1. Which residue pairs have Cβ atoms closer than 8 Å, lie 6 or more positions apart in sequence or on different chains, and pair a first residue in the stretch 160-185 that is within 12 Å of Arg211 (Cβ to Cβ) with a second residue that is exposed (fewer than 15 other Cβ atoms within 10 Å of the Cβ) and modelled with pLDDT under 95?
2. Please identify the pairs in which a residue from the stretch 1-25 that is in contact (Cβ under 8 Å) with a residue 12 or more places away in the chain has its Cβ atom under 6 Å from the Cβ atom of a residue that is surrounded by 13 or more Cβ atoms within 10 Å (Cβ to Cβ) and not in a helix (DSSP H, G or I), counting only partners at least 6 apart or on another chain.
3. For the stretch 155-172, give me the residue count where each residue is open to solvent by 10 Å² or more (accessible area, probe 1.4 Å) and touching a helix residue (DSSP H, G or I) at 6+ places or on another chain (Cβ under 6 Å).
4. Would you be able to say whether some residue in the stretch 127-137 is surrounded by 16 or more Cβ atoms within 10 Å (Cβ to Cβ), over 21 Å from Val7 (Cα atoms) and in contact (Cβ under 8 Å) with a residue 60 or more places away in the chain?
5. Need a quick list: strands (runs of 3 or more DSSP E) entirely within the stretch 127-221 having at least 2 residues that are in contact with a strand residue (DSSP E or B) (Cβ under 7 Å, 6 or more places away or on another chain), charged (D, E, K, R) and modelled with pLDDT of 95 or more.
6. Pairs, please: C-beta under 9 Å, at least 6 apart or cross-chain, first residue over 11 Å from Val156 (Cα atoms) and in the stretch 63-79, second open to solvent by less than 10 Å² (accessible area, probe 1.4 Å) and of a type in the set (Lys, Arg)?
7. Pick from the stretch 186-221 the residues that are β-branched (Val, Ile, Thr) and either open to solvent by less than 70 Å² (accessible area, probe 1.4 Å) or in contact (Cβ under 8 Å) with a residue 40 or more places away in the chain (or both): which of them is nearest to Asn123 (Cα to Cα)?
8. Which is of a type outside the set (Phe, Trp, Tyr) and surrounded by 17 or more Cβ atoms within 10 Å (Cβ to Cβ), of Leu62, Leu85?
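The values are calculated or read from the model by the stated rules, or taken from the named source; none is laboratory data. This structure is a prediction, so every number in the text was calculated from the model and none was measured. For neighbour counting, all protein chains shown are included, and Cβ atoms are generated from backbone atoms with ideal geometry for every residue, glycine included. Only protein heavy atoms, including side chains, enter the accessible area calculation; ligands, DNA and RNA are left aside. Shrake-Rupley method; radii C 1.70, N 1.55, O 1.52, S 1.80 Å.
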Amino acid sequence: RWFEGYVKTYLERDLQDVASISALVDFRRLMGLGALRLGQIVNQSELARDAAMSQATVHRYLNLLEISYQIVRAPAFTRSRSKRLIKAPKLYWIDTGLAAFLLGVFTADELRNHTLAGALLENLVYTQLLAWRETETPRPQIYYWRTASGTEVDFVIESRHGLLPIEIKIASRARVENTRSLDLFLDEYSKQAPMGLLFYGGEEIVPLTPRIIAVPVGAVL
């Protein structure tokens, strides 16, 4: 009920303070389609097709969602001498509970069984990292990393100490095979990144490799 009222207030009052939107039904539909793309690179042409809107309208609506603090776009880490990297940002929601509501997830059981449960956890971690970043001086930067061949690390923290790659897994058991992307990143940036972290749904800190440690995501949050 709370999220339903929040969305209604946002659409009918707050959004109108930022920009005049006459087609609120279309805007609400775009919010739902945006939630389905949680943690993904958004192809605006594809989104416009699915929403039955022009690409220009989708572009404008996404910008409005961003400036009104509903979504946030994670920038790509693009510095590499040997690999071709993806440069487009990924989409996340400022409020993970709102993202779940827009996906139609209303109970813990529905969350556990949802295909985007892992993406929602990733979203939660990202918002917590953004909050942590605001307490640090100088402020670290938070990116994601993806090669053109599809290898991806969920988040890369760049601070005065160097680079720290982080992978998120919802599974309750940490496995060495989950470290492949982290290993490739550490190989590529060996001088700046001596180690990596795997946040997972278990309860113990587990050294997976000499360079990678699995940490319970609950302890981090």
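1. Within 8 Å, no pair qualifies.
2. Leu15/Ile21; Val18/Ser68
3. 4
4. No, the stretch 127-137 has no match at all.
5. In the stretch 127-221, 152-159 are the strands (runs of 3 or more DSSP E) which contain 2 or more residues that are in contact with a strand residue (DSSP E or B) (Cβ under 7 Å, 6 or more places away or on another chain), charged (D, E, K, R) and modelled with pLDDT of 95 or more.
6. Arg73/Lys90
7. So the residue we want is Val217.
8. Exactly one of Leu62, Leu85 is of a type outside the set (Phe, Trp, Tyr) and surrounded by 17 or more Cβ atoms within 10 Å (Cβ to Cβ), namely Leu62.
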